[in-house]
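J.: Below is a structure I'd like to ask you about.
Nothing in this text is a laboratory measurement; each read-out follows from the coordinates by a stated rule. Quantities reported herein were computed from a predicted structural model and do not represent experimental measurements. Here the Cβ positions follow ideal geometry from the backbone for every residue, glycine too, while neighbour counts run over all protein chains shown.
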Amino acid sequence: MKVIIGLGNPERRYDLTRHNIGFELIDYLGDKHNVSFKSKHRALMGEFRHAGEKVLLVKPRTYMNLSGECVKEIMDYYGLDTEDLLVVYDDIDLEPGKIRLRPKGSAGTHNGMRSIINHVQSDDIPRLRIGIGKPGFGDLAAYVLGRFSGEERELMKKAVVEAAKAVESYVEKDVHAAMNLYNR
């Protein structure tokens, strides 16, 4: 089983914000694979099969900065290892619309990833970062919790489609094969 965890904040007021791009990817994959979501383990969860593999889609309901609580609970319940996960989240250090897969690494400035690393006690967690860029000036929190401009929105829709292909490649093969195809 592969578990795809999209990070975001659960309240409706955060829908379509930069920080919720992980949720957008999970919603896109859910629609594409006709997934029904149910509330379980402090998350919205749904499953489908792809390339003979069971895939669990997860949107933590614990808020971004506490995502690790939900992820740890799911890992313990299903007896998962970190290599069974793929965490999807926004990255201010990547240009808007760029995607980047990695098999492991630090949390950088991302509090959601930091929470996951702290709770599972490992940074050997495959991740897919979707670039949202960073503001030239101003409050970073306001920027990540803000919405995309019209032009950015179109770019991010394309990024979500590309990221979904990368997720499917990860499920079909592994993170390294997906990296070779999608880290351009």
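J.: Just give me the residues in segment 87-99 being in contact with a Leu (Cβ under 6 Å, 6 or more places away or on another chain) and assigned to a strand (DSSP E or B), in sequence order. Quick ask: steps written out before the conclusion?
T.: Just the residues of segment 87-99 that are in contact with a Leu (Cβ under 6 Å, 6 or more places away or on another chain), to begin with: 88-89, 96-97.
Residues satisfying the conditions are Val88, Tyr89.
J.: Could you list, in sequence order, the residues of segment 138-184 that are farther than 21 Å from Lys32 by Cβ and part of a helix (DSSP H, G or I)?
T.: Across segment 138-184, the qualifying residues are Leu140, Ala141, Ala142, Tyr143, Val144, Gly150, Glu151, Glu152, His176, Met179, Asn180.
J.: Being under 19 Å from His19 (Cα atoms), touching a helix residue (DSSP H, G or I) at 6+ places or on another chain (Cβ under 8 Å) and surrounded by fewer than 20 Cβ atoms within 10 Å (Cβ to Cβ) is the filter here, so list the residues in segment 63-75 that pass it. It would help to see each step written out before you state the result.
T.: Filtering segment 63-75 down to residues under 19 Å from His19 (Cα atoms) leaves 63-71.
Applying the additional criterion that residues be touching a helix residue (DSSP H, G or I) at 6+ places or on another chain (Cβ under 8 Å) yields 64-69, 71.
If the condition is that a residue be under 19 Å from His19 (Cα atoms), touching a helix residue (DSSP H, G or I) at 6+ places or on another chain (Cβ under 8 Å) and surrounded by fewer than 20 Cβ atoms within 10 Å (Cβ to Cβ), then Asn65, Leu66, Glu69 are the ones that fit.
J.: Right, here's the next one. Kindly indicate whether Gly133 is touching a residue at least 12 places away in the same chain (Cβ under 8 Å), surrounded by 17 or more Cβ atoms within 10 Å (Cβ to Cβ) and more than 14 Å from the chain's Cα centre (by Cα).
T.: Details: touching a residue at least 12 places away in the same chain (Cβ under 8 Å): yes; surrounded by 17 or more Cβ atoms within 10 Å (Cβ to Cβ): yes; more than 14 Å from the chain's Cα centre (by Cα): yes.
Yes: the conditions hold for Gly133.
J.: Considering segment 125-141 alone, what residues qualify as being more than 16 Å from Ala164 (Cα to Cα) and not charged (D, E, K, R)? Before you say what the answer is, go through the steps one by one.
T.: In the first step, residues of segment 125-141 are kept if they are more than 16 Å from Ala164 (Cα to Cα); the result is 125, 132-141.
Correct list: Ile125, Ile132, Gly133, Pro135, Gly136, Phe137, Gly138, Leu140, Ala141.
J.: Among the numbered conditions (1) in contact (Cβ under 8 Å) with a residue 40 or more places away in the chain; (2) surrounded by fewer than 14 Cβ atoms within 10 Å (Cβ to Cβ); (3) of a type outside the set (Val, Ile, Thr), tell me where Ala141 comes up short.
T.: (1)
J.: In this structure, is Ile117 within 21 Å of Leu66 (Cα to Cα) and touching a residue at least 12 places away in the same chain (Cβ under 8 Å)? Steps first, answer last, please.
T.: Details: within 21 Å of Leu66 (Cα to Cα): yes; touching a residue at least 12 places away in the same chain (Cβ under 8 Å): yes.
In short, yes.
J.: Which condition number does Ile74 fail, the rest of (1) within 16 Å of the chain's Cα centre (by Cα); (2) among the aliphatic types (A, V, I, L, M); (3) not in a helix (DSSP H, G or I) being met?
T.: Ile74 satisfies all of (1) within 16 Å of the chain's Cα centre (by Cα); (2) among the aliphatic types (A, V, I, L, M); (3) not in a helix (DSSP H, G or I) except (3).
J.: Would you please name the residue that is surrounded by the most Cβ atoms within 10 Å (Cβ to Cβ), looking only at residues in segment 77-86 that are assigned to a loop (DSSP other than H, G, I, E, B) and without any contact (Cβ under 8 Å) to a residue 40 or more places away in the chain? Walk me through it before giving the result.
T.: Step one: of segment 77-86, the residues assigned to a loop (DSSP other than H, G, I, E, B) are 79-81.
When the remaining residues are screened for being without any contact (Cβ under 8 Å) to a residue 40 or more places away in the chain, the result is 79, 81.
Details: Gly79: 8, Asp81: 11.
Filtering segment 77-86 for residues that are assigned to a loop (DSSP other than H, G, I, E, B) and without any contact (Cβ under 8 Å) to a residue 40 or more places away in the chain, the one surrounded by the most Cβ atoms within 10 Å (Cβ to Cβ) comes out as Asp81.
J.: Hey, among the residues in segment 1-56 that are in a loop (DSSP other than H, G, I, E, B), touching a residue at least 40 places away in the same chain (Cβ under 8 Å) and touching a helix residue (DSSP H, G or I) at 6+ places or on another chain (Cβ under 8 Å), which one's farthest from Asp93 (Cα to Cα)? Working first, answer last.
T.: Step one: of segment 1-56, the residues in a loop (DSSP other than H, G, I, E, B) are 1, 7-11, 15-16, 33-37, 41-42, 51-52.
Going one step further and asking which of them are touching a residue at least 40 places away in the same chain (Cβ under 8 Å), we end up with 1, 7-10, 16, 51.
Subsequent filtering for residues that are touching a helix residue (DSSP H, G or I) at 6+ places or on another chain (Cβ under 8 Å) retains 1, 7-9, 16, 51.
Values: Met1: 31, Leu7: 17, Gly8: 17, Asn9: 20, Leu16: 19, Ala51: 32 Å.
Step by step, filter segment 1-56, then rank; the result is Ala51.
J.: Also: Just name the residue that is surrounded by the fewest Cβ atoms within 10 Å (Cβ to Cβ) out of those in segment 92-129 that are of a type in the set (Gly, Ala, Ser) and on the phi < 0 side of the Ramachandran plot.
T.: Going through segment 92-129, the residues of a type in the set (Gly, Ala, Ser) turn out to be 97, 105-108, 112, 115, 122.
Subsequent filtering for residues that are on the phi < 0 side of the Ramachandran plot retains 106-107, 112, 115, 122.
On the way: Ser106: 11, Ala107: 17, Gly112: 26, Ser115: 24, Ser122: 13.
Out of the qualifying residues, it is Ser106.
J.: Then there is this: Please go through segment 1-43 and give me each residue that is touching a Lys or Arg at 6+ places or on another chain (Cβ under 6 Å) and surrounded by fewer than 22 Cβ atoms within 10 Å (Cβ to Cβ), ordered by number. Explain how you work it out, then say what you get.
T.: Taking segment 1-43 as the starting set, the residues that turn out to be touching a Lys or Arg at 6+ places or on another chain (Cβ under 6 Å) are 1, 6, 10, 16-17, 23, 26, 42-43.
The answer is Met1, Pro10, Leu16, Thr17, Arg42.
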